[in-house]
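Inspection log for the structure reproduced underneath, given as structure tokens.
The values are calculated or read from the model by the stated rules, or taken from the named source; none is laboratory data. Not measured: the values here are computed from a predicted model. Note that we place each Cβ from the backbone using ideal geometry, even for glycine, and neighbour counts take in every protein chain shown. Quick note on the areas: whole protein, heavy atoms, side chains included, nothing else; ligands and nucleic acids left out. Shrake-Rupley method; radii C 1.70, N 1.55, O 1.52, S 1.80 Å.
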Amino acid sequence: MIEVLAKLGRGPVFLAGEVLECVITFTNPLSASSTSASSEMLAWASAQIHCQFHASENRVALPPSDGSKHDVQAENETVFVPNRGERGQCILSTPPKILFCDLRLDPGESKSYSYCETLPVDGPPSFRGQSVKYVYKLTIGCQRVNSPIKLLRVPFRVLVLHGLKDYQFPQDEAVAPSNPFLEEEEGLKKDSRLADLATELLMVATSRRSLHLYNISNTRGKVGTFCIFKTVYKIGEDVIGTFNFSEGDIPCLQFSVSLQTEESIQEEFQRRRGQPVSFTVHARHQESCLHTAQSSFSLPIPLSSTPGFTTNIVSLKWRLHFEFVTSGESAGTCLVRGSQSEAVTWTGVEQMDVDTFSWDLPIKVLPTNPILASYVSQFSSTNSITI
């Protein structure tokens, strides 16, 4: 028996273009003093990253798959197929890397290997929607002699930030100040620079503030105004907006604001022409606001959500969806006087004519620092298997 343990050192969330590093440890758990202790042999072990695409057959007409990729593996076949047994299509994979050949482990002995691979910048982000899914996994395959291949899958999340792909690092960085007491590999240096660049680009894009004012009105007149200071956010931020109903001609009885994503399938892959898009609500604020001059809301963008993106099959967009309930009468008729005495009590009317209308405001949602997103990830940094 051999235990295989895979650990992602920095967490299970990465930016496309970063280097994924995983330490894989093979251990013979039996101690030398055990009566049944014996050396264990493994013929080989290999690792590879791949992205699986899943689609709802009721909503998506799948593109033709690559028939050259096998999904069935013979009992004693030595070909490493990382997506064996997986549903959907493998749309992206990195070249496989051999960890070792002919490994012998004595009782109580263990050996570790480091796997490093740059995540492709042209791949889709990790996404679990109503119509499609993009799932990334690091698959480690190992085999005993004359035994079937065992696979250890390590799921992780990928965030995509547009603009990193076209960035060229300066060529004169060799003359930049550096610490002579630290030795860094060139790949790790570039990985660190990429993360710093992504943080800088996100900070610049999401820190720009300018006042956006919108008049809220229906066919009968003005209801109020809405104010928001920016329309570009990172996941994990709060969307904050304010209302001013003091200058409205039509009394607003109630409003609600929903933070939504709009998942739409590209026309050539739609199962039915003109099929509706799918909406997902991530946060919602509702408030009764009769005789309210000003109000506000704060909606958090979940760290576990997917920033907006577009592929050849699906498009994901973010928006604020507003719904307003207004009175069909003037503000003075919304209350009735309950007593003619000096102590006046005002009560609400039992019935009222109302009008409802909605409005959508598109916003842009970008990724955040992958280390921050790792704190709420559903994936574990450590996975293991026994063979």
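Odds and ends about this structure:
- Listed residue pairs exceeding 30 Å between alpha carbons, taken from K150/K317; K97/K234; K133/K364; K137/K364: K150/K317; K97/K234
- Cβ-defined net charge surrounding L320, 15 Å radius [Lys, Arg +1; Asp, Glu -1]: -1
- Computed on protein heavy atoms with a 1.4 Å probe, the accessible areas place E237, E21 in the order E21, E237, largest first.
- Karplus-derived 3J(HN,Hα) values for the range 228-240, using 6.51 cos²θ - 1.76 cosθ + 1.60 with θ = phi - 60°, are 9, 9, 7, 10, 10, 9, 9, 4, x, 7, 9, 8, 10 Hz; glycine and proline are entered as x.
- Probe 1.4 Å, accessible area per residue of the range 206-274, Å²: 51
- Placing R0 at 30 angstrom, the Cβ-Cβ distance between T382 and N58 gives a FRET efficiency of 0.25 after rounding to 0.05.
- Seen from A205, the other residues with C-beta closer than 9 Å to its C-beta sum to a net charge of +3, counting Lys and Arg as +1 and Asp and Glu as -1.
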